[in-house]
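Okay, structure first, notes after.
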Amino acid sequence: MSFLFVQFLTGLASASSLFLVASGLSLIFGVTRVVNFAHGSFYMLGAFCGYSAVGLLAPVLGDAFGFWVAVPLTAAAVAVLGAALEMTVLRRIYGAPELFQLLATFGILLVLADATLAVWGPEDLLGPRAPGLAGAVQVFGQAVPTYDLFLIGVGPVVLGLLWFCLQRTRWGVQIRAATENRELTAALGINQRRLFTSVFAVGAGLAGLAGALELPRHPASLGMDLGVIVEVFVVTVVGGMGSIPGAFVAALLIGQLQAFGILAFPEITIVLLFLFMAAVLIVRPWGLLGRPEAPAAARILQAEAPLRPLPASGKAAALAIALLLAALPLVAGPYILSVATEIIVFALFAASLHFLTGIGGIVSFGHAAGFGLGAYGAALAVRWLEAGMPAGLAAGVALAAVGTGIFGAFCIRLSGVYLAMLTLAFAQICYAVAFQWYDVTGGDNGLIGIWPPRWASSPETLYWLALLLCGAGAMALRHMVHAPLGLGMRACRDSPLRAEASAIDRRGIRWAAFTLAGMAAGLAGAFYAFFKGSVFPDALGVGVSVDGLVMMLLGGIGTLSGPLVGAAAYKATQVELAAATDFWRALLGLGIVLLVVLFPRGIAGQLQYLWYRWVR
Amino acid sequence: MTTLAVSNLRKSFDGVRAVDGIGFEVAAGELVAIIGPNGAGKSTCFNCVNGQLRPDAGSVRLDGRELVGLPPREAARAGIGRTFQITAAFGSLSVRENVQAALIAGRRRMLSMLPVARRLYIQEADALLDLVGMRALGDATCGALAYGDLKRVELAIALAQDPRMLLMDEPTAGMAPSSRRDLMGLVHGIAKNRSVGVLFTEHDMDIVFGYADRVLVMSRGRLIASGPPDTVRADPAVRETYLGTE
């Protein structure tokens, strides 16, 4: 009994950190409508900066004073960084489609992650105990860290302060007005620039504060950024985006769920998180205290021209390219062939994401779920059922279909950024299961020895197989775009309201799109497992999802062949870059940010725009 | 013959009674206008009839069949065609594909993956486009159309399910006076020829009194008057709350 109570207190302490980070995210989202991916980076930077600040100040001011001065200073420093980022990057993309906003903030995350690595190194940094709170208190005969009790108090205090600011200050009134109705605030003559920057600074500062306060409990480590952002996404989705009290309630619930879940199912705590979120979303699709938003047409790109079938010349060109690709093994060596095979696999992956996002208007930030489930489905079938390559590929597609089918049933209930966050959460849950369920998936050691049979093992045969299978997959997707299903997807993307009023089954169409895209990604993933001979949790990681998005945007959303071209350009560059520098992620992140800031319509879209301007 | 029968319809938002116990009927081939000041509850009333909102109480019957509780797509199948105040069409599709999409959905074939959608129901789609005078622009991109043309396409989409009832929210808003009359003349003809009931809201009183067979006047969620245009125009209560400003 007393043990359970102590566990309850631990849950409350975790909830405080979660709330601090989530409230900042929610505040920023409410006012700017940007879901800030880099919010977890502020948390991580809070921890690392806090570590250094304590190291600098403690010798000067003494241990106790040093720590308690370092914590607010860190929060202030992170707030300044947040304001700087808002003024240089985010301010330029408020009007951009939400997919671009998410990508840009993810680019910032990549840059900050590599910057942290460069400054503090790869080791975990163990923080100081909190002076004055280092001991433990006896509660029902169990030792509870005093610091946990302190943290439990921080959450409600911050909630109270935020509530006071929002209700009783001019700044708070402006924030509430902006959250309710952005057009109105502009009309009222509120200085939006200053408001947005200040909100961003406060949100970032709260995350930095949470990171610094976490130091006495957990070491500062790389990877905190993505770890916390997924939990915080779940908190904000459960609590309702933009709602501070909602974030508090959800943080309390999820803190407890984790504290007790770890007792019951230590291996798969995160699955509980998923089930809980799913249950909440069934009952309240907009979160516990969130408010429903009318489904809006997806802001993917400006009005496009209708998709037409390829003219005869185009078909001839496509055939010629296919023949040229098929002839590649006659001239290329094993290395080129292996890079080419990888490109082909990712071309199908990018095409499947384009099917979902470009055609269906469903912005997914977790498309790696389909890819990784396909890879694991194949590898698990080989490992545990001694399946051959054909059966393994089928198993991969089947697992991807079941997984994305289930996820899709939840995701399609939402729209816009909510949906994107949910897809990410699902992918991360798959990642965590692959990572934690050691007995079955091998954890981070992965599953190895997933080789193709002897007849298919030469680089040439594997390349041809990739061309055949992935080519068939891409062709099938292409056909479906022109079928009634694809027409329905485009209709639902253009106008949800009109679609519903025209007897179009929007949910059914979106679910089918989600599942089919997942299956195509699953085929790519399953083939990838045989191609690499192994599969690791990274196949389910955010990196894969973002790769897909960048490929798609590079190629342009408006055409069906765009993603294929984008995949080739991106993968080839990535292979070269990764060979040249350790900090290729930061370069990638910087590239993404520049891409979004300079080409808010996407490269192809921007060229199209300039072309029209020039022609007219 | 009664096509649409609404009775005792109620809908509140956060305690505000947007629609407060409304009842009316629309006969086949009849054009009925709902007028009233902004915020009178006209749009809420529309949204309750086609299932976009679920009313708190009341009944909506189409040819005797209860519609309350059905989502918009089922209401559309049951025979409610609808156009929107802010015209909604599928901007990236061609004009013909817009109508084809509605035709395919009405026949429950939208989830099929094998046929090529562009080749389905071409004749039916072109017949509908003919009806609204848009056949010549069948291959144009819908998003690039002029506003008046878009309204016509939307009407063709709404007619694709062969509706018994057309709900038109401000059908002529944003149009030039002459094209307003063209569109309403078109709607009038469709209603009479196909025996479709039409319920529309409108701010332009010339349109209301020129085309409606009957006028319903709403104020603060209630019906304050109804009857033939001339009777309503003469009603003192109506003049006071609504027309008095003229």
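Which of rounded, prolate or oblate describes the stretch B:126-206 when judged by the alpha-carbon gyration tensor and an a/c cut-off of 1.5? Cα axes put the stretch B:126-206 in the oblate bin.
Cα convex hull, the stretch A:339-572: 103 Å³ per residue, rounded to a whole number.
Relative to one another, the C-alpha centroids of the stretch B:167-246 and the stretch B:1-59 are positioned 15 Å apart.
Hey, how many Å between the Cα centroid of the stretch A:344-395 and the Cα centroid of the stretch A:1-48? Cα centroid of the stretch A:344-395 versus Cα centroid of the stretch A:1-48: 32 Å apart. Phi-derived couplings, Karplus 6.51 cos²θ - 1.76 cosθ + 1.60 at θ = phi - 60°, listed residue by residue for the stretch B:138-153: x, 8, 6, 6, 4, x, 9, 6, 5, 4, x, 5, 4, 4, 5, 4 Hz, with x used for Gly and Pro. When the Cα positions of A:447, A:370, A:406 are compared along the charge dipole of the stretch A:339-572, A:406 comes out farthest toward the positive end, with charges on each C-beta of Lys, Arg, Asp and Glu. Between residue B:194 and residue A:92, the FRET efficiency estimated from the beta carbon spacing at R0 = 51 angstrom works out to 0.45. Model label sites at residue A:146 and residue A:313, defined 7 Å from Cα along the beta-carbon direction, differ in position by 8.1 nm. Assuming charge only on the beta carbon of Lys and Arg (+1) and of Asp and Glu (-1), the dipole of the stretch A:2-230 about its Cα centre is about 740 debye to the nearest 20.
Full extension of the segment from residue B:122 to residue B:61, taken as 0.36 nm per residue of separation minus the current Cα-Cα distance, would add 18.7 nm. Note on B:202, A:576: ascending count of other Cβ atoms within 10 Å places them as A:576, B:202, the fewest first. The stretch A:153-175 and the stretch A:440-454 have Cα centres lying 52 Å from one another. Springs between Cα atoms under 10 Å define the GNM used for chain B, and in it the highest mean-square fluctuation of B:52, B:100, B:123 occurs at B:123. Protection proxy ranking for B:176-183, B:210-217, A:372-379, B:24-31, using the average of other Cβ atoms within 10 Å per residue and placing the highest first: A:372-379, B:210-217, B:24-31, B:176-183. Distance between the 7 Å Cα→Cβ label points at residue A:61 and residue A:323: 7.6 nm. Our estimate of slack between residue A:118 and residue A:455, defined as 0.36 nm per intervening residue step minus the Cα-Cα distance, is 116.7 nm. Where both bridge residues fall in the protein assembly as shown, DSSP classifies roughly 65% of the beta bridges as antiparallel.
The alpha carbon convex hull volume per residue for the stretch B:89-161 rounds to 75 Å³. Taken about its Cα centre, the protein assembly as shown carries a charge dipole of about 1440 debye when Lys and Arg each add +1 at the Cβ and Asp and Glu each add -1 at the Cβ. Dipole of the stretch A:461-616 computed with +1 at Lys/Arg Cβ and -1 at Asp/Glu Cβ about the Cα centre; of A:513, A:499, A:581, farthest Cα towards the positive end is A:499. Taking amide H as placed 1.01 Å from N in the peptide plane, the amide H of residue A:288 sits under 5 Å from that of A:239, A:240, each at least 5 places away or on another chain.
Once the Cα atoms are used to define both axes, helix A:416-436 deviates from the longest principal axis of chain A by about 90 degrees.
Applied to the stretch A:203-213, the Karplus parametrisation 6.51 cos²θ - 1.76 cosθ + 1.60 on θ = phi - 60° returns per-residue 3J(HN,Hα) values of x, 5, x, 4, 5, x, 4, 4, x, 5, 5 Hz, with x for Gly and Pro. Between residue B:222 and B:20, the built amide H atoms are under 5 Å apart, and every one of these is 5 or more places off in sequence or on another chain. For chain A, the calculated P(r), taken from all Cα-Cα distances in 10 Å bins from zero up to the bin holding the longest distance, is 3, 16, 26, 26, 17, 8, 3, 0, 0 percent. Each of A:157, A:74, A:119 was scored by the projection of its Cα onto the charge dipole of the stretch A:2-230, and the greatest displacement toward the positive side belongs to A:157; charges sit on the C-beta of Lys, Arg, Asp and Glu. Taking Cα atoms only, the orientation of helix A:603-615 departs from the longest principal axis of chain A by about 70 degrees. Measuring nothing but how far apart in sequence close Cα pairs (under 8 Å, 6+ apart) lie, relative to its length, chain B scores a relative contact order of 28 percent. When restricted to Cα atoms, chain B yields an Rg and a Dmax of 18.1, 62 Å, respectively.
Which residue fluctuates the most in chain B, going by a Gaussian network model with Cα springs under 10 Å, if the choices are B:201, B:231, B:172? Looking only at B:201, B:231, B:172, the largest GNM fluctuation is found for B:231. Given +1 at the Cβ of Lys and Arg, -1 at the Cβ of Asp and Glu and no other charges, the dipole of the stretch B:89-161 around its Cα centre is 260 debye to the nearest 20. What is the helix-to-structure angle for A:2-32, meaning the angle in degrees between its Cα long axis and the longest Cα principal axis of chain A, kept from 0 to 90 and rounded to the nearest 10? So the helix axis and the longest Cα principal axis differ by about 70 degrees.
Counting Cβ atoms of other protein chains within 10 Å of each Cβ in B:95-103 and taking the mean gives 4. Between residue A:181 and residue A:440, the simple label model (points 7 Å from Cα in the Cβ direction) yields a spacing of 5.1 nm. With θ taken as phi - 60° and the Karplus curve 6.51 cos²θ - 1.76 cosθ + 1.60 applied, the whole-hertz 3J(HN,Hα) list for the stretch A:229-242 is 5, 5, 4, 6, 4, 4, 4, 6, 5, 5, x, x, 4, x Hz, x standing for glycine and proline.
The helix-only estimate of mean residue ellipticity at 222 nm for chain A, built from DSSP H runs of length n ≥ 4 each weighted as -39500 (n - 2.57), is -25000 deg cm²/dmol after division by the residue total.
Is the shape of the stretch A:176-240 rounded, prolate or oblate, going by the alpha carbon gyration tensor and its root eigenvalues a ≥ b ≥ c, with a/c under 1.5 for rounded and a/b larger than b/c for prolate? Prolate is the answer for the stretch A:176-240, as a/c is 1.5 or above and a/b outweighs b/c.
Read-outs: derived from the displayed coordinates by stated rules, not from any lab. As the structure is a prediction and not an experimental result, all values here were calculated from the model. Because the Cβ atoms are built from the backbone with ideal geometry, glycine has one as well, and the counts that use them run over all protein chains shown.
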